[in-house]
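Worksheet for the structure shown next.
The values are calculated or read from the model by the stated rules, or taken from the named source; none is laboratory data. Everything numeric here is computed off the predicted structure, so don't read it as measured data. Cβ coordinates were reconstructed from backbone atoms using ideal geometry, including for glycine residues, and neighbour counts include every protein chain displayed. What goes into the accessible areas is simple: the full protein's heavy atoms, side chains included, and nothing from ligands, DNA or RNA. Shrake-Rupley method; radii C 1.70, N 1.55, O 1.52, S 1.80 Å.
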Amino acid sequence: MSGTETGSGTAGPGGSPGRRRPLGAGTGAAGPGDPAPPAARNGPAAAASAGAGAGAGATSTAVTGIAVLVTNDPALGEGPLGLLRDAAVVLDGERVAWAGPSRRVPAADTRVDAAGRAAVPGFVDSHSHLVFDGDRTEEFNARMSGRPYAAGGIRTTVAATRAATDERLHANVARYVAEALRQGTTVIETKSGYGLTTGQEARALRIAAAHTDEVTFLGAHIVPPEYADDPAGYVGLVTGPMLDACAPHARWIDVFCERGAFDGDQARAILTAGAARGLVPRVHANQLSYGPGVRLAVELGAASADHCTHLTDEDVDALAQGETVATLLPGAEFSTRAAWPDARRLLDAGVTVALSTDCNPGSSFTSSMPFCIALAVRDMGMTPDEALWAATAGGAAALRRTDTGRITPGARGDLVLLDAPSPVHLAYRPGVPLVSAVWRRGERVH
């Protein structure tokens, strides 16, 4: 297959600029998380890559010849995914200006032939832990080999992260953001949580904020060793001086509400203190055992309850009746051989479900949203369509965003071309690098 990119000399429909900074620092030239577009290459992906980066200064791009376009807008196309066949998209500035049949595509400065590929919205990864240093390979190897392992888990990462320089942590985050981008992730949330002192948590958030707008304060990840005998004192630190130092750098506040971490009363105190400072709650809830996390999240109006592995009927009912998104993180179950969340049960109850990677060095060291889609279909009872929606529009809902996770006029220009004729291949061909081109905020970045 082959493809071409041409300039038409005629500007396409207008689009309004976005308010949010893209993944990676900077807005124009490549920076952390902004790799320069690749050169054209031979082989099946050449059609999408031909002329990548060409047309410098062009403000609009028409992507035509799309076999199946997922818009996530039922008003635009078939079914919940709003599918359009033989479709085209026009990106103008940072926004989607038009989506519809290829035969009706408006003029644009640049035209890219998708050559029969499928296109989907950029993935929205609403849960990750990227500000860290160190490696826990031996822990993973022991777990997978059935051997006991006595090292410190999260505390191992805390020690390594505290010892790392700012430059090293910036480089680590940039590498993982760029890795996710190459796999189609155009919006990513990330957290602190591996510093656990006032200075270290504030540092982690400043570093995270250089790479994404979706930054979460997770000082309540675990109780650090120096407070092992005084967990109430640590909660006081998190809700007092640490929150004062961290709130200016974050949008969200999170807590690991779990046996061995923070109980329901402690989690409530932390989340309500954060809300009083203008941070919106999120909750690590019901991952390892049944507990109060999910119902607390709904009660406090949290944007998302994350993990949701061990749920009672009351938990499911609370999610169905509230506005909190259930964010499922199949990479964690894959990497720990734990029980899978029952996505089918949640979906059948009418709960809004998102998928995310939970990228972290201990329990889910993957940045691949396509991999998580495949796991959700294979092991969590989701259909391919449901999993794709959860990884795009669902993630946007978990971040309370309406500007991304869809391909509709006015939405952010986040578009992914797949080297496949159907988006079902994301689950059908697990582990295969299907992402052949990525536009973020209207700019070709991969």
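Kindly indicate whether any position in region 131-148 is touching a Gly at 6+ places or on another chain (Cβ under 6 Å), of a type in the set (Lys, Arg) and part of a loop (DSSP other than H, G, I, E, B). Scanning region 131-148, I find at least one residue that is touching a Gly at 6+ places or on another chain (Cβ under 6 Å), of a type in the set (Lys, Arg) and part of a loop (DSSP other than H, G, I, E, B), so the answer is yes. Taking the condition of being in a helix (DSSP H, G or I) and closer than 30 Å to Ala396 by Cβ, how many residues in region 204-251 meet it? Counting residues in region 204-251 that are in a helix (DSSP H, G or I) and closer than 30 Å to Ala396 by Cβ gives 15. Inside region 222-276, residues that are over 14 Å from Leu300 (Cβ atoms) and polar (S, T, N, Q) make up a count of 1.
For region 300-312, indicate whether the set of residues that are of a type in the set (Asp, Glu), in a strand (DSSP E or B), under 20 Å from Ala390 (Cα atoms) and at pLDDT 95 or above is non-empty. Please lay out each step first, then the result.
Kept after step one, since they are of a type in the set (Asp, Glu), are these residues of region 300-312: 306.
Narrowing further to those that are in a strand (DSSP E or B): 306.
Then drop every residue that is not under 20 Å from Ala390 (Cα atoms), which leaves 306.
Still in the list and also at pLDDT 95 or above: 306.
For region 300-312, residues of a type in the set (Asp, Glu), in a strand (DSSP E or B), under 20 Å from Ala390 (Cα atoms) and at pLDDT 95 or above: present.
Within region 361-381, the set of residues being in contact (Cβ under 8 Å) with a residue 60 or more places away in the chain and either among the charged types (D, E, K, R) or not in a loop (DSSP other than H, G, I, E, B) (or both) comprises Met369, Pro370, Phe371. One residue alone among Arg182, Arg175, Arg147, Arg203 is touching a residue at least 12 places away in the same chain (Cβ under 8 Å) and open to solvent by 50 Å² or more (accessible area, probe 1.4 Å), and that residue is Arg182.
If you go through region 111-128 one residue at a time, how many are in contact with a Ser or Thr (Cβ under 8 Å, 6 or more places away or on another chain), more than 17 Å from Phe371 (Cβ to Cβ) and open to solvent by less than 10 Å² (accessible area, probe 1.4 Å)?
The initial filter retains those residues of region 111-128 that are in contact with a Ser or Thr (Cβ under 8 Å, 6 or more places away or on another chain), namely 111-115, 117-118, 120-128.
Keeping just the survivors that are more than 17 Å from Phe371 (Cβ to Cβ) gives 111-115, 117-118, 121.
Now narrow it down to the ones that are open to solvent by less than 10 Å² (accessible area, probe 1.4 Å): 112, 114, 117-118, 121.
Summing the residues that are in contact with a Ser or Thr (Cβ under 8 Å, 6 or more places away or on another chain), more than 17 Å from Phe371 (Cβ to Cβ) and open to solvent by less than 10 Å² (accessible area, probe 1.4 Å) in region 111-128 gives 5.
Residue by residue through region 419-446, note down the ones that are among the charged types (D, E, K, R), outside any loop (DSSP other than H, G, I, E, B) and surrounded by fewer than 24 Cβ atoms within 10 Å (Cβ to Cβ).
Pass one, region 419-446, residues among the charged types (D, E, K, R): 419, 429, 440-441, 443-444.
Okay, now just the ones that are also outside any loop (DSSP other than H, G, I, E, B), so 440, 443-444.
Matches in region 419-446: Glu443 only.
If you go through region 389-417 and keep only what is open to solvent by less than 40 Å² (accessible area, probe 1.4 Å), in contact with a Phe, Trp or Tyr (Cβ under 9 Å, 6 or more places away or on another chain) and under 27 Å from Gly65 (Cβ atoms), you end up with Ala391, Thr392, Gly405, Gly413, Asp414, Leu415, Val416, Leu417.
Kindly indicate whether Val416 is over 15 Å from Ala326 (Cα atoms), hydrophobic (A, V, I, L, M, F, W, C), out of contact with any Asp or Glu (no Cβ under 8 Å at 6 or more places or on another chain) and assigned to a loop (DSSP other than H, G, I, E, B).
Working: over 15 Å from Ala326 (Cα atoms): yes; hydrophobic (A, V, I, L, M, F, W, C): yes; out of contact with any Asp or Glu (no Cβ under 8 Å at 6 or more places or on another chain): yes; assigned to a loop (DSSP other than H, G, I, E, B): no.
For Val416, the condition - over 15 Å from Ala326 (Cα atoms), hydrophobic (A, V, I, L, M, F, W, C), out of contact with any Asp or Glu (no Cβ under 8 Å at 6 or more places or on another chain) and assigned to a loop (DSSP other than H, G, I, E, B) - is not met.
Given the criteria open to solvent by 20 Å² or more (accessible area, probe 1.4 Å) and more than 20 Å from the chain's Cα centre (by Cα), does Pro248 qualify?
Details: open to solvent by 20 Å² or more (accessible area, probe 1.4 Å): yes; more than 20 Å from the chain's Cα centre (by Cα): yes.
Spelling it out, Pro248 is indeed open to solvent by 20 Å² or more (accessible area, probe 1.4 Å) and more than 20 Å from the chain's Cα centre (by Cα).
The residue that is nearest to Ser145 (Cα to Cα), counting only those in region 306-339 that are open to solvent by 40 Å² or more (accessible area, probe 1.4 Å) and touching a strand residue (DSSP E or B) at 6+ places or on another chain (Cβ under 9 Å), is Thr336.
Condition check for Ala354 on (1) surrounded by fewer than 24 Cβ atoms within 10 Å (Cβ to Cβ); (2) not in a loop (DSSP other than H, G, I, E, B): one failure, at (1).
Might you check whether a residue that is on the phi < 0 side of the Ramachandran plot and at pLDDT below 95 occurs anywhere in region 59-72?
Taking region 59-72 first, the residues on the phi < 0 side of the Ramachandran plot are 59-64, 66-71.
Cutting the leftovers down to at pLDDT below 95 gives us 59.
Yes, the conditions are met somewhere in region 59-72.
Scanning region 206-222 for residues that are open to solvent by 20 Å² or more (accessible area, probe 1.4 Å) and either under 18 Å from the mean Cα position of the chain (by Cα) or free of Cβ contacts under 8 Å to residues at least 40 places away in the same chain (or both) gives Ala209, Ala210, Asp213. Would you mind stating whether Ala338 is within 28 Å of Thr161 (Cα to Cα), among the aliphatic types (A, V, I, L, M), touching a Ser or Thr at 6+ places or on another chain (Cβ under 9 Å) and part of a loop (DSSP other than H, G, I, E, B)? Spelling it out, Ala338 is indeed within 28 Å of Thr161 (Cα to Cα), among the aliphatic types (A, V, I, L, M), touching a Ser or Thr at 6+ places or on another chain (Cβ under 9 Å) and part of a loop (DSSP other than H, G, I, E, B).
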